[in-house]
1. Being open to solvent by 70 Å² or more (accessible area, probe 1.4 Å), in a loop (DSSP other than H, G, I, E, B) and at negative phi is the filter here; which residues of the stretch 7-32 pass it?
2. Filter the stretch 33-69 down to the residues that are more than 15 Å from residue 81 (Cα to Cα) and among the charged types (D, E, K, R), then identify the one that is most open to solvent (accessible area, probe 1.4 Å).
3. Only one residue in 76, 34 is among the aliphatic types (A, V, I, L, M) and modelled with pLDDT under 95, so which one is that?
4. Return the pair list, or none, for Cβ contacts closer than 8 Å from residues in the stretch 37-48 that are within 16 Å of residue 77 (Cα to Cα) to residues that are exposed (fewer than 10 other Cβ atoms within 10 Å of the Cβ) and among the polar types (S, T, N, Q), at least 6 apart or on different chains.
5. Residues of the stretch 50-64 being within 13 Å of the chain's Cα centre (by Cα) and part of a loop (DSSP other than H, G, I, E, B), which ones?
6. Can you tell me which of 47, 80, 88 is in contact with a Lys or Arg (Cβ under 6 Å, 6 or more places away or on another chain), part of a helix (DSSP H, G or I) and within 30 Å of residue 4 (Cβ to Cβ)?
Amino acid sequence: YNTTSDHRLKLNQQPLTGSGAFIDALKPKTWEWAQDGTPGAGFIAHEFQSVSPSSVTGEKDAVDEDDNPIYQAMQASNPEVIANIVAELQNLRKRVAALEGK
């Protein structure tokens, strides 16, 4: 999907900091899907929501008026997440280069 990202719409642009803490707070998991037992890998929505609230919709353990589950949905590839991954990758590349003496 496309989102508006023009620089003219953004005030007080600063380098992203804290990407290491952001990445470290994520909790990748493996599981088996309840429906058919097939394996899965990724994130649990409410855990991801605690790190990146804008990535998740819905509330943990929500139910409708008939007590049926209302499942959370998430999009881990939103701009906030991608920016933190790229920033941390850049930081790691600088540290590796420094260790290699480049």
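The values are calculated or read from the model by the stated rules, or taken from the named source; none is laboratory data. Computed from a prediction, not measured in an experiment: that's the story for all the values here. Reconstructed Cβ throughout: ideal geometry from the backbone, glycine too, with neighbour counts over all protein chains shown. All accessible areas refer to the heavy atoms of the entire protein, side chains included, with ligands and DNA or RNA removed. Shrake-Rupley method; radii C 1.70, N 1.55, O 1.52, S 1.80 Å.
1. Across the stretch 7-32, the qualifying residues are 10, 11, 13, 14, 15, 16, 17, 27, 28.
2. 65
3. On the way: 34 fails: modelled with pLDDT under 95.
Going through 76, 34 in turn, the sole match is 76.
4. Listed pairs, sorted by first residue: 41/30.
5. The answer is 52, and nothing else.
6. Answer to the check: 47.
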